[in-house]
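Following: one structure in structure tokens, then a few remarks.
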């Protein structure tokens, strides 16, 4: 499992593209929700970009490592709430302004991705 995440975080062009997008979108009043947060990379970027709160939703045990990384870097981060559940089983106490969701459809997870997108549109995101 760690080798999978090591490969993902080493893909710098992808990470840098997300970082630019996150920095452009996130403001000091932003509530951000990352679905399938894995190590929490994008949640950390959103927090460093100034989000007032970030929800990191991840159903696998890698979220435990995310929490440890957060604890080790907490002085440079804002509030991140880690939720160990599938997004469709999650009920946030508030709706997010920004959703971060990286779809890995090539892994055969299309139905789960569709369910997560349904969650986003109906439960997690503020509508303008």
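Every number in this text was worked out from the coordinates using simple rules, so none of it is lab data. If you're wondering where the values come from, they're calculated on a predicted model, not measured in any experiment. We place every Cβ from the backbone using ideal geometry, glycine too, and count neighbours over all the protein chains shown.
Once you put a point 7 Å from the Cα of residue 68 and another 7 Å from the Cα of residue 94, both along the Cβ direction, what distance in nm separates them?
3.1 nm
Could you work out the Rg to Rh ratio of the range 22-80, with Rh taken as the Kirkwood radius (inverse of the mean 1/r over all Cα pairs)?
My calculation puts Rg/Rh at 0.95.
Among 11-20, 79-88, 31-40, how do they line up from the highest to the lowest mean number of other beta-carbon atoms within 10 Å?
Highest-to-lowest ranking by the protection proxy: 31-40, 79-88, 11-20.
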